[in-house]
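The structure appears below as structure tokens.
The values are calculated or read from the model by the stated rules, or taken from the named source; none is laboratory data. As the structure is a prediction and not an experimental result, all values here were calculated from the model. Note that each Cβ is placed from the backbone with ideal geometry, even for glycine, and that neighbours are counted across all protein chains shown.
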Amino acid sequence: MLDGGRWTAHDLRRAASTLMSQLGISNDVINECENHIKQGMSGVYIQDRREAEQAKAFDALGQRLAKFTA
């Protein structure tokens, strides 16, 4: 049990997205990290998952989370 009560997977995804945004990570990279489906024609034609940017985003998130446990 975490502080503040029971957290769902959705709560954790939202918290991670918020932290990534506060770290200056772009919304499109955050959406890729969350595996959100692209809307419109860009979802059809743009198939790049931006894996290098996702890795950097998750590394930055991990460094921020590590500060909470230190």
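A few points about this structure:
- The set of residues in segment 39-70 being within 15 Å of the chain's Cα centre (by Cα) and more than 25 Å from Gly4 (Cα to Cα) consists of Arg49, Arg50, Glu51, Ala52, Glu53, Gln54, Ala55, Lys56, Ala57, Asp59.
- Residue check: Gly40 meets all listed conditions (1) surrounded by fewer than 11 Cβ atoms within 10 Å (Cβ to Cβ); (2) modelled with pLDDT under 90; (3) within 22 Å of Leu65 (Cβ to Cβ); (4) not acidic (Asp, Glu) but one, namely (3).
- Segment 1-33 - residue that is β-branched (Val, Ile, Thr) and surrounded by 13 or more Cβ atoms within 10 Å (Cβ to Cβ) and, of those, farthest from Ile46 (Cα to Cα): Ile25
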